[in-house]
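Novice: Here you go, one structure.
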Amino acid sequence: MSPKDLRPNLADTAGAAINKKPAVGDDILLERYTDNTEAHKYVNKPSELASEDKARMLESGVILDDLKERSGTYIQMDNHPVHFSAQQDGIEIMSTSEAAKKYDWLKDYWWKAVSVDADKYTAHVELNQADGYFIRALPGVKTEFPVQSCMYMAKNQSIQNVHNIIIAEEGSELHIITGCTSAHRTETGLHLGVTEFYIKKGAKVTFTMIHTWSPDIAVRPRTGAIVEENGVFLSNYVIMKTVKNLQSYPVAYLNGENAVARFNSVMVCPPGSKMDVGSRVFLNAKHTRTELITRALTTGGEIISRGYIEGKVPDCKGHLECRGLILGDKGIIYAIPELMGRVSGVDLSHEAAVGKIAEEEVEYLMARGLNKDEATAAIVRGFLNVDIEGLPPLLKEEMDKAIKLGDQEGM
């Protein structure tokens, strides 16, 4: 049976779920934006990029002046790759257009983890021949440091079309940090990002994404992962700043025995932002396991937090947890935890809670010398702190930096 056969019919799952009401991920009129962006010059050293652009990328954990603690780098500005290089043997990094020229077999991976007809955004990416990054770990190779990538929007009122492919060959290990951001001069735009993961037998991928967009950017990521026997997929998502609206519902298909997927999401939604974010996992083989953990905080914006786990075979296990915190009087959080067991012998659970900061907690900290703002900030930091199992130290450090920076700005 092929991976495509194990992927549920779109009409039954992905399309239906993401369009469920209420939804804050507003429909985007593609004709309001342009796909025509100027070609950016390729640079041999990412340190040669403009200081303003590098500073903005750094906010999303992308380091360009010193690559000693990175196993590879990929930078795309608008729709054009401007740098890609690998610093470790056995790790391949290039644009998907270059990879397609080099490897005829790449076509066997194209649109297998994400359906090209999932919605108008995936169709638009295909029709406009999107470029993106190709990251591959050869069999048995493990990254010494994280691979980093950055999708950077520079042109105002444009569409950034992206199609990424990540392959972790048998027994390999990939740690990736990707920062998606826009220039301060970019007032409005639309990011369409398709990312496909293929995690082979006994391989592991840790993927940490940090979004730092301008306030009038709309974002539509479409992500799928196919995980084989004893494979592990860890996905960490952080967004702490204003975004016009965001709609993201990544999915993992655990097709091999003992496969594992974990999704961790940390969201702060300021006034004016709309976020429709979640994750889905399909447990298609025995002894597969998943955990979906979300921390959602609104300071005035609108959040829908989704989670979906489907157990298709006996002896699979999944847990979904969503905690939402409303800071102020105008924010909205709507939690949608969903479980589906198709056979006996599945073990699925969920818990969801939405509320406000308890006054007694604030008063307790104030009694110990903090003022009210300090007490509130301390509680928020504790709420956003997610203990992520298996996260490499360097990725944890970058994730903690993003959360701390966003927390300071939010407070």
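The values are calculated or read from the model by the stated rules, or taken from the named source; none is laboratory data. None of the values given here were measured: they were computed from a predicted structure. Neighbour counts are summed over all protein chains in view; Cβ atoms, including those assigned to glycine, are modelled from backbone coordinates with ideal geometry. SASA here: full protein model, heavy atoms, side chains in, ligands and nucleic acids out. Shrake-Rupley method; radii C 1.70, N 1.55, O 1.52, S 1.80 Å.
Novice: Of Y109, Y198, which has the most accessible area and how do the rest follow, probe 1.4 Å?
Specialist: Largest to smallest exposure gives the sequence Y109, Y198.
Novice: Let me ask something additional. Just to be sure I understand: with springs between alpha-carbon atoms less than 10 Å apart, which residue in E170, E363, E229 has the highest mean-square fluctuation in the Gaussian network model of the chain?
Specialist: E363
Novice: May I pose another question? Kindly report, to the nearest 10 Å², the accessible surface of T299 as traced by a 1.4 Å probe over protein heavy atoms only.
Specialist: For T299, solvent-accessible area is about 40 Å².
Novice: Would you check the accessible area of F134, probe 1.4 Å, heavy atoms only, in square angstrom rounded to 10?
Specialist: Estimated to the nearest 10 Å², F134 gives 0 Å².
Novice: Would you kindly calculate the mean projected area, averaged across all directions, of the convex hull enclosing the Cα atoms of the chain, in square nanometres?
Specialist: In nm², the orientation-averaged hull projection of the chain is 19.5.
Novice: Ratio of alpha-carbon Rg to the 2.2 N^0.38 Å globular estimate for segment 258-398, to two decimals, please.
Specialist: Scaled against compact globular proteins, the figure is 1.21.
Novice: Could you look at the chain and say what percent of its accessible area is carbon and sulfur, using a 1.4 Å probe and all protein chains?
Specialist: Ligands and nucleic acids excluded, carbon and sulfur give 48 percent.
Novice: Averaged per residue, what accessible area in Å² does segment 10-359 show with a 1.4 Å probe, protein chains only?
Specialist: 37 Å²
Novice: Quick one: Cα convex hull volume of segment 175-286, Å³ per residue? Please list the in-between numbers first.
Specialist: On the way: hull volume 8.8 nm³, N = 112.
Cα-based convex hull of segment 175-286, divided per residue, equals 79 Å³.
Novice: Now a separate question. Would you mind calculating the relative contact order of segment 10-359 from Cα pairs under 8 angstrom and at least 6 residues apart, reporting the percent as a whole number?
Specialist: Contact order relative to length: 11 percent.
Novice: Oh, and also: Among G272, G140, G189, whose Cα projects farthest towards the positive end of the dipole of segment 10-359, with charges put on the beta-carbon of Lys, Arg (+1) and Asp, Glu (-1)?
Specialist: It is G272, whose Cα lies furthest towards the positive end.
Novice: To check you understand DSSP bridge types, tell me what percent of the beta bridges within segment 10-359 (both residues inside) are antiparallel, rounded to 5.
Specialist: Details: 11 of 142 bridges.
Around 10 percent antiparallel, to the nearest 5.
Novice: Follow-up. How large is the dipole of the chain about the Cα centre if only Lys and Arg carry +1 and Asp and Glu carry -1, each at its Cβ, rounded to the nearest 20 debye?
Specialist: 400 debye
Novice: Taking the Cα centre of the chain as the origin and placing charges on Cβ (Lys, Arg +1; Asp, Glu -1), which of I63, A168, G179 is farthest toward the positive end of the dipole?
Specialist: Comparing the listed Cα positions along the dipole, A168 ranks first.
Novice: Gaussian network model of the chain, Cα springs within a sub-10 Å range: biggest mean-square fluctuation belongs to which of G179, G272, G318?
Specialist: Greatest mean-square fluctuation among the candidates belongs to G272.
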